[in-house]
Amino acid sequence: MKIKGLDYNTQREQLVLPEYGREVQSMVDYCMDLKDRQERQRCAESIVAIMERMKPRVGDAKEYRHKLWDHLALMEMPRSIATSYGTTWR
């Protein structure tokens, strides 16, 4: 049986950070394809906000958001995304 979306996870590409799941990885892939820099920036900020809601932490929120931006970069974030921490990925 060959139905799109009903394949096993073992047959799919391995996730870089499986704790966020395939949906977040799909959002990152979509963001990478955006041509407009400002739109990519808004998309990246939205993804970080979603990641923060998925895995909330108590404590230093600024440090945790920095960690989330690092995770986003690990998931092959697109070029020209600026963070509030002074980092720009290319």
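Neighbours of ARG22 by Cβ distance under 13 Å: Lys/Arg scored +1, Asp/Glu scored -1, total -4. Among the trypsin sites (Lys or Arg not before Pro) found in the stretch 30-59, those both in a DSSP coil and sparsely packed, with 13 or fewer other Cβ atoms within 10 Å of their Cβ, are LYS35, ARG57.
Please state the shape class of the stretch 1-73: rounded when a/c is under 1.5, otherwise prolate if a/b exceeds b/c and oblate if not, all from the C-alpha gyration tensor. Cα axes put the stretch 1-73 in the oblate bin. Tell me which GluC sites (Glu not before Pro) from the stretch 1-76 have a DSSP coil assignment and no more than 10 other beta carbons within 10 Å of their own. Sparse-neighbourhood loop GluC sites (Glu not before Pro): GLU13. The chymotrypsin sites (Phe, Trp or Tyr not before Pro) found in the stretch 1-57 that occupy coil by DSSP, while having at most 13 further C-beta atoms within 10 Å, are TYR8.
Computed from the coordinates by the stated procedures, all read-outs in this text should not be read as laboratory data. Just so it is clear, the model here is predicted, and its values are computed rather than measured. Heads up, the Cβs are rebuilt from the backbone with ideal geometry, glycines too, and the neighbour counts pull from every protein chain shown.
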